[in-house]
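Down below is the structure, laid out as structure tokens.
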């Protein structure tokens, strides 16, 4: 057995053994420096797993990102152990690690309260102090069913596993759980954790199943990291797009309308219209043609495109009309393929760029719905580029550059293009069985990203079924990560639709298709921007750009003149005359209005305007003409600055 401790430092051991046994024999300090190991085939194993005598593993250090997934998973067990001690009647479901934390789903007779969370956290400390070892045991299916006789959710998991699937249990003290691991050595190794919230979660994300209670928590290897994360969570709570969406009168959800179907208030509609104007302006300059397609279509089109087998679970139920089956459209691409194929095309027509603000409908599971981030009705900044093979790299890079231009406009400093490729095992199943085209298109995408200096990371096995793709990951101003959009290559579906153009030799040739949506869906983009700006949108995007505040009734006539002049120049402005001036200023600041234009005796007499920014800073008095020039100039340039 060869154990890579650090680069160039290898520990060898003869015969099969657990890593714990090896370290106890050679160097016990390694048990504190490392948490687990990674095998040659990238499987994570803990120090309790017996390895073969020819195994080769690389140790995972405590301060690595990979280690966090392991100890957070262990802390989900500690939490479940504490819950079981305090509430013996609960039934256990699942408890995985997630980004920045962990959760566990419980079936409990009564809802957990905030007071319960405090008690659970206190009991977790007891479990930690007792420092129980995580002991791993391989068991047969019969033994597993006997051990879990009173756990219906665990029994269902076992029933769904393949017959030859090995089963492992982990025991720590008085707690036993079905789990594949890996885990840290003992319950006392992580002391810095916090329980965050309780939420409802349907069992297996199926709204027809029972609603369970999900307790969320987070854990870190150091107190400093936990404090920093907790501070970020507090800031994120202030910026939560769901809360700000209500406070700023942007959008809401209504039970009678349906879950995941946002209702946009007038101020929220402004955000969508401004984003749409931005995209149309950008795309017109880039040579796109705009199209429009229906919201429904026949089942046969989705069978032809190949989408139905892959996306049926995420589509709204079919509608039967006059013996024909229709679906609400979950994507625009098949419609655009039809538009391309409706007319003869020549190589001289290429590239053809078809753009649409089409509304799509996807039946996301109830447990996956999350504000504007996961919805069932979405307005998509969609387009499809049909191009020749020799045009692909230029077109693909132009799309990537469009993303970068948007990032600069919105002040997004951190991003990564997640380049997803196929894997050979999925050919003919998860991916179109065309190995040569996969290699060719993946090489082209990779070459384009490198030549364009695009920041990207490559991930195998996550491509679209018809070609490689880019998922665009961005980080908000407080460091929260979002998947905002996608850029996909399609070498398969155009052929299914019989799409072709006449090449320079006079022969028919199938075009490549690039699916792209740099602004993603407006729902998710608006949700991101709300949190990114904390609701204080740049002037050009702000639903209300200025509010006119006459100090007294005698200033109202001058205020009406200012309001009319602002509106005549296209500024979104309102006049507020009720309540005291201080009350109106606070109300405007709460609504994140960029400019408050205060009018008193001096302003009326000198025909000037005093401006207070939402930050509280006051500008020098200005004439109406100067104010109009300043405000409209910043709006037209989409400036991110108020001064």
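Of the residues contained in region 225-240, one or more are found to be touching a residue at least 40 places away in the same chain (Cβ under 8 Å), under 22 Å from residue 374 (Cα atoms) and in a loop (DSSP other than H, G, I, E, B). Just a yes or no: is a residue in region 533-548 over 21 Å from residue 269 (Cβ atoms), modelled with pLDDT of 95 or more, touching a strand residue (DSSP E or B) at 6+ places or on another chain (Cβ under 6 Å) and outside any loop (DSSP other than H, G, I, E, B)? Yes, that holds for at least one residue. With respect to the conditions (1) crowded, with 19+ Cβ neighbours inside 10 Å; (2) in a helix (DSSP H, G or I), residue 219 lacks only one, and its number is (2). Number of residues in region 172-190 that are surrounded by fewer than 16 Cβ atoms within 10 Å (Cβ to Cβ) and either free of Cβ contacts under 8 Å to residues at least 40 places away in the same chain or over 29 Å from residue 30 (Cα atoms) (or both) equals 1. Taking the criterion of being surrounded by fewer than 22 Cβ atoms within 10 Å (Cβ to Cβ) and in contact (Cβ under 8 Å) with a residue 60 or more places away in the chain, the residues of region 82-91 that qualify are 84, 85, 91.
Check region 41-58 and report whether any residue there is over 30 Å from residue 106 (Cα atoms), touching a helix residue (DSSP H, G or I) at 6+ places or on another chain (Cβ under 8 Å) and in contact (Cβ under 8 Å) with a residue 24 or more places away in the chain. For region 41-58, residues over 30 Å from residue 106 (Cα atoms), touching a helix residue (DSSP H, G or I) at 6+ places or on another chain (Cβ under 8 Å) and in contact (Cβ under 8 Å) with a residue 24 or more places away in the chain: present.
The rows are residues; the columns are (1) farther than 20 Å from residue 536 by Cβ; (2) touching a strand residue (DSSP E or B) at 6+ places or on another chain (Cβ under 8 Å); (3) assigned to a helix (DSSP H, G or I).
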| position | (1), (2), (3) |
| --- | --- |
| 559 | yes, yes, yes |
| 562 | yes, yes, yes |
| 587 | no, no, yes |
| 626 | yes, no, yes |
| 629 | yes, no, yes |
| 638 | no, no, no |
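Please verify whether region 193-202 includes one or more residues that are under 29 Å from residue 45 (Cα atoms), over 23 Å from the mean Cα position of the chain (by Cα) and crowded, with 19+ Cβ neighbours inside 10 Å. Yes - at least one qualifying residue is present in region 193-202.
Do we have residue 11 as buried (at least 16 other Cβ atoms within 10 Å of the Cβ) and over 26 Å from residue 97 (Cβ atoms) here?
Numbers: buried (at least 16 other Cβ atoms within 10 Å of the Cβ): yes; over 26 Å from residue 97 (Cβ atoms): yes.
It is true that residue 11 is buried (at least 16 other Cβ atoms within 10 Å of the Cβ) and over 26 Å from residue 97 (Cβ atoms).
Inspect all residues belonging to region 461-471 and state whether any of them is over 19 Å from residue 395 (Cβ atoms) and touching a helix residue (DSSP H, G or I) at 6+ places or on another chain (Cβ under 7 Å).
Looking only at region 461-471, we keep the residues that are over 19 Å from residue 395 (Cβ atoms), and these are 461-462, 465.
Now drop any that are not touching a helix residue (DSSP H, G or I) at 6+ places or on another chain (Cβ under 7 Å), which leaves 461, 465.
Yes; the residues of region 461-471 include at least one that is over 19 Å from residue 395 (Cβ atoms) and touching a helix residue (DSSP H, G or I) at 6+ places or on another chain (Cβ under 7 Å).
Determine whether region 278-287 contains at least one residue that is closer than 30 Å to residue 352 by Cα, in the same structural domain as residue 351 (by TED's automatic domain parsing) and part of a loop (DSSP other than H, G, I, E, B). Scanning region 278-287 turns up at least one residue that is closer than 30 Å to residue 352 by Cα, in the same structural domain as residue 351 (by TED's automatic domain parsing) and part of a loop (DSSP other than H, G, I, E, B).
Count, please, the residues in region 92-119 that happen to be assigned to a strand (DSSP E or B) and surrounded by fewer than 17 Cβ atoms within 10 Å (Cβ to Cβ). Even if it seems obvious, please write down each step before you answer.
Initial filter on region 92-119 (assigned to a strand (DSSP E or B)): 92, 97-98, 101-107.
Filter again for surrounded by fewer than 17 Cβ atoms within 10 Å (Cβ to Cβ), leaving 98.
So the count comes out to 1.
The values are calculated or read from the model by the stated rules, or taken from the named source; none is laboratory data. Just so it is clear, the model here is predicted, and its values are computed rather than measured. FYI the Cβ positions are ideal-geometry reconstructions off the backbone, even for glycines, and counts take in every protein chain you see.
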